[in-house]
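Okay, so here's the structure we're looking at.
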Amino acid sequence: MAVEIPAIIKPSRLRARGGLLGECLAEFLGTFVLISFGCGVVAMAVAALPGSGRAATPTTIFLASGDWLLITWGWAFAVVFGVYVGGGVSGAHLNPAVTLAMAVRRGFSWAKVVPFWFSQVVGALTGAALVYLVYHQAIHAYDAVSPAPKVNGHTNATFSIFATFPAPYFHGGIWGPLIDQIVGTAFLLMLIAAVIDMRNQAVKANLGPLVVGFVVAAIGMSYGANAGYAINPARDFGPRLFTYAAGWNSLAFPGSVSGSFSAYWWIPIVGPLIGGVVGILVYDLFIGDVLLVRAELQELPEPGRTRPVVETDEE
């Protein structure tokens, strides 16, 4: 038996929050939660666990697949709870690529696109600031003992807590990481479209956010190592802005490591924006439009009739 629980406090009289402002606040808070838990789990793996004596050495990270699984599942849970926080108000895009794809193929208002993007980036930046506030001692301890090259006292390893960069085997090339981001985000939007499509095998009982989290985990496990699977411009750009202000300098902007890669910052922005549109177009081409046509055919009256037949039990 359902029981109605009254609100603990009265809602604010700022009625403007019932419209676009409220949706932007939901996008901000949802993205804040996403980054707080997502970057938080990377901070655990990179700095906190080694620095607290729970690894072989103070700089031991990524010696086994278990380290990567910690991060992929951490980001999955981050997505789940971020979507649960903001979903009832804004739909919880939490990702400019999702917002753009929904505007292109799902009727989302183009007037809301830029406000949503701004809210997502600011939420991501704020989440990164919180992670730094909690873990700055661990981060500085790691950087202090690491023999790796440093920029303003910081290593690329601690930068990876907040933003992404390409694997060494790309040798600084652009196309490999760009294609990786397009493919990863295309899968993200394709699968999100499937999860929320009520004409398909849609997830019910409010479990959609959980399944979307599984999607992010799957992408991280299958495509994560190439370039850190940003698959979200706000997820990368917001924390990147913070790290630049916090002293990582050229590691953040233009996103360069001498001898490895340079001017990388734009790839986790452009790649996901392209990939998101590609993903939802592919879904609609192969699945969505087929389901729509089938639904329309089922609604057509029988040949020769102008309206459906109404049957009764009367004789």
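Read-outs: derived from the displayed coordinates by stated rules, not from any lab. Keep in mind that this is a model prediction, so the values were computed, not measured. Cβ: placed from backbone, ideal geometry, glycine included. Neighbour counts: every protein chain shown.
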Taking the Cα centre of the chain as origin, work out the dipole magnitude from +1 charges on Lys and Arg Cβ and -1 charges on Asp and Glu Cβ, in debye rounded to 20.
-> 1080
Compute the distance in nm between two label points, each set 7 Å from the Cα along the Cα-to-Cβ direction, one at Val270 and one at Leu25.
-> 3.8
Take each complete run of DSSP H in the chain, measure how far its Cα atoms stretch along the helix's own axis, and keep only those covering 27 Å or more with mean Kyte-Doolittle hydropathy at least 1.0; list them.
-> 20-43, 65-90, 113-145, 175-196
Expressed in nanometres to one decimal, the distance between label points 7 Å along Cα→Cβ at Glu299 and Ile196 is 2.1
When Lys112, Lys150 are ranked with the fewest other C-beta atoms within 10 Å first, the list becomes Lys150, Lys112
Added length on full extension, which subtracts the Cα-Cα distance from 0.36 nm per residue, His136 to Ser65 | 23.0 nm
Fewest first, what order do Arg235, Arg199 take by the number of other Cβ atoms within 10 Å?
-> Arg199, Arg235
Computed on Cα atoms, the radius of gyration and Dmax of the chain in angstrom are 22.6, 91
What FRET efficiency do you get for Phe214 and Trp110 if R0 is 41 Å and r is their Cβ-Cβ distance, rounded to the nearest 0.05?
-> 0.85
Ranking Ile267, Ile61 by Cβ neighbours within 10 Å, fewest first, what do you get?
-> Ile61, Ile267
